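Input: a single structure, listed below in structure tokens.
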Amino acid sequence: MTSIRQLPLSRLGHLVPPLVDDAALVALVTLAGDPPWAAKAAWDIARIAARDGRRVALVDLCLETPALHEIAGLHATEGIVDAFEYGVSLNKAAHEVTGVFIIPAGSETAHPAEVYAHARWPKLQAGFRSEGALLLALLPLTGLAQLSAAPDGVLVLAPEGVGPEFTLPRDVPLLGVVRDRWLPSSPRISPPVMTVPVTDEPRRGLRLALAALVVAALAVGGWALLARARESGFLVPPPLPAPASAPAPAHSSPLPAPTHATIPKADTLGWTIQLAAYASLDKALAHADRLAADAGVSALVTPVPQSGNGPVWYRVLAGSYATRAAAGTARAALWHRGMAGEGVGDLLLAPYSYHAPAGASLDSLRRRGLPAVRWSTGVILLGAFEGPEQAAYTQAALRRAGVRANLLPRMGIP
């Protein structure tokens with residue numbers, strides 16, 4: 001087999017657009033044993049393809065282990081199975097989330113092969129092509145073999161890559177393999193697993209234009225996908241509303257009661273760059289340690305539980321800056337140095353951290369399941385929070401571990 005193009009997650013912002021620019025239907029074939037990883041990678045690809053205003057739909061055809069709806073923050077809802085088997089309109093099945101139209105798997109089906117082989121796939125592909133839009137289909141290798149339409153290309157999602165013996169089950173172009181990191185022989189640092197490719201400013205107003213779309217005629221023969229301009233949730237929760245003034249350091253309680261007097265003054269260095277979100281605390285801490293060692297940028301890890309009984313994601317937040325503009329400049333420097341893919345990194349105001357007590361051991365705190373990191377000043381910090389309410393999960397973890405720590409402004413004068 002000829003050499004396969006390697007697409008590490010940290011470089012998707014550069015590598016994906018030219019691969020899908022001329023395509024109407026691209027199959028995202030998952031070889032990962034981790035459905036949430038594959039779903040998150042697929043969503044990253046979709047958002048990258050849509051960031052310059054192109055209309056992009058992402059459909060979850062992992063019918064036995066669907067995970068896309070959870071990654072995108074959607075509740076269980078009707079999806080592609082309901083559209084193909086029960087006649088539900090795609091208008092109802094599609095949900096616009098951060099500029100991408102997500103079509104979940106929907107109801108369970110006893111006949112996944114019939115969904116893959118449905119006669120409407122070629123019609124959808126033709127409709128997307130006529131509109132200059134892109135349909136991304138997340139599906140297993142068996143689904144690719146049974147799909148009634150011939151994709152314009154295939155991106156394989158495999159966190160550890162594929163071996164030289166790998167072949168596709170049909171004659172379609174293999175565009176590349178999306179993986180966690182560069183090849184093991186590469187000296188580059190390992191990129192984040194759960195990157196969130198976003199841009200700081202709207203690009204030529206096109207992203208705002210997505211919210212104004214009413215009808216996107218993405219198919220022929222009566223198959224139209226309505227562009228619903230509604231946000232249905234994010235993997236990372238949106239910032240909490242900012243309170244009104246500075247908190248007093250809490251010496252007798254690990255968490256001050258939330259009041260209207262809890263915002264730090266302007267000289268607090270609360271701006272940071274969210275580079276990734278992991279489902280594993282160990283992976284998040286490893287990424288933070290690499291940033292400190294290889295890039296000289298201190299980073300914090302923040303546990304953020306999802307609503308209800310959802311999983312906990314561990315944000316990796318790099319640096320501490322006085323203003324949003326300063327954080328943006330630092331993010332651009334990370335892109336230039338290859339420490340993060342271009343377009344990767346949310347600017348976030350998260351001015352609060354837990355300060356570990358003097359004499360605490362970093363290794364001991366980590367063994368207790370706490371997101372402890374050594375900051376550039378030598379102190380041990382745990383998390384960076386947008387407000388005291390967001391720190392409740394970490395506060396409970398500290399109590400379970402028997403560790404007293406104060407929630408204080410991260411840097412500067414409180």
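The values are calculated or read from the model by the stated rules, or taken from the named source; none is laboratory data. Values in this document were obtained by computation on a predicted structure and should not be read as measured data. With ideal geometry, Cβ positions are generated from the backbone for all residues, glycine too; neighbour counts draw on all protein chains shown. Ligands, DNA and RNA are stripped out before the accessible areas are found, and what is left, the full protein with its side chains, is counted by its heavy atoms. Shrake-Rupley method; radii C 1.70, N 1.55, O 1.52, S 1.80 Å.
Trypsin sites (Lys or Arg not before Pro) within region 325-403: which are DSSP loop residues with at most 15 other Cβ atoms inside 10 Å?
Those satisfying the criteria are Arg337, Arg368.
Mind jotting down the distance between the C-alpha centroids of region 268-331 and region 89-105, whole Å?
Rounded to whole Å, the Cα centres lie 29 Å apart.
Please find the FRET efficiency linking Arg374 to Asp34, where r is the Cβ-Cβ separation and R0 is fixed at 35 Å, and quote it to the nearest 0.05.
The value I calculate is 0.75.
How much accessible area per residue does region 1-158 have, counting only protein heavy atoms and a probe of 1.4 Å, in square angstrom?
Normalised by residue count, the accessible surface of region 1-158 is 34 Å².
Excluding Leu175 itself, what net charge comes from residues whose Cβ is under 10 Å from its Cβ, given Lys and Arg +1 and Asp and Glu -1?
Counting the neighbours of Leu175, the net charge comes to 0.
Rounded if a/c is under 1.5, else prolate if a/b beats b/c, else oblate: with a ≥ b ≥ c from the C-alpha gyration tensor eigenvalues square-rooted, which is region 1-160?
rounded
Determine which aspartates and glutamates satisfy two conditions relative to Lys123: a Cα distance under 13 Å, and not lying fewer than 8 residues away in the same chain.
List returned: Glu131.
Once fully extended, how much extra length lies between Ser107 and Ile4, figured as 0.36 nm per residue of separation less the alpha-carbon to alpha-carbon distance?
Result: 33.5 nm gained on full extension.
State, as an integer percentage, the relative contact order of region 57-147 based on alpha-carbon contacts under 8 Å between residues 6 or more apart.
39 percent.
Which value, in Å², gives the accessible area per residue of region 330-403 when a 1.4 Å probe is used on the protein heavy atoms?
Per-residue value: 41 Å².
Provide the FRET efficiency to the nearest 0.05 for the Ser148-His14 pair, computing r from the beta carbons and using R0 = 41 Å.
0.80
Could you please state how large a percent of the accessible area of region 267-377 is carbon and sulfur, counting protein chains only and using a 1.4 Å probe?
About 52 percent, which is the carbon plus sulfur part of the accessible surface.
By its C-alpha gyration tensor, with a ≥ b ≥ c as the square roots of the eigenvalues, how is region 60-126 shaped: rounded for a/c under 1.5, else prolate for a/b larger than b/c, else oblate?
Cα axes put region 60-126 in the oblate bin.
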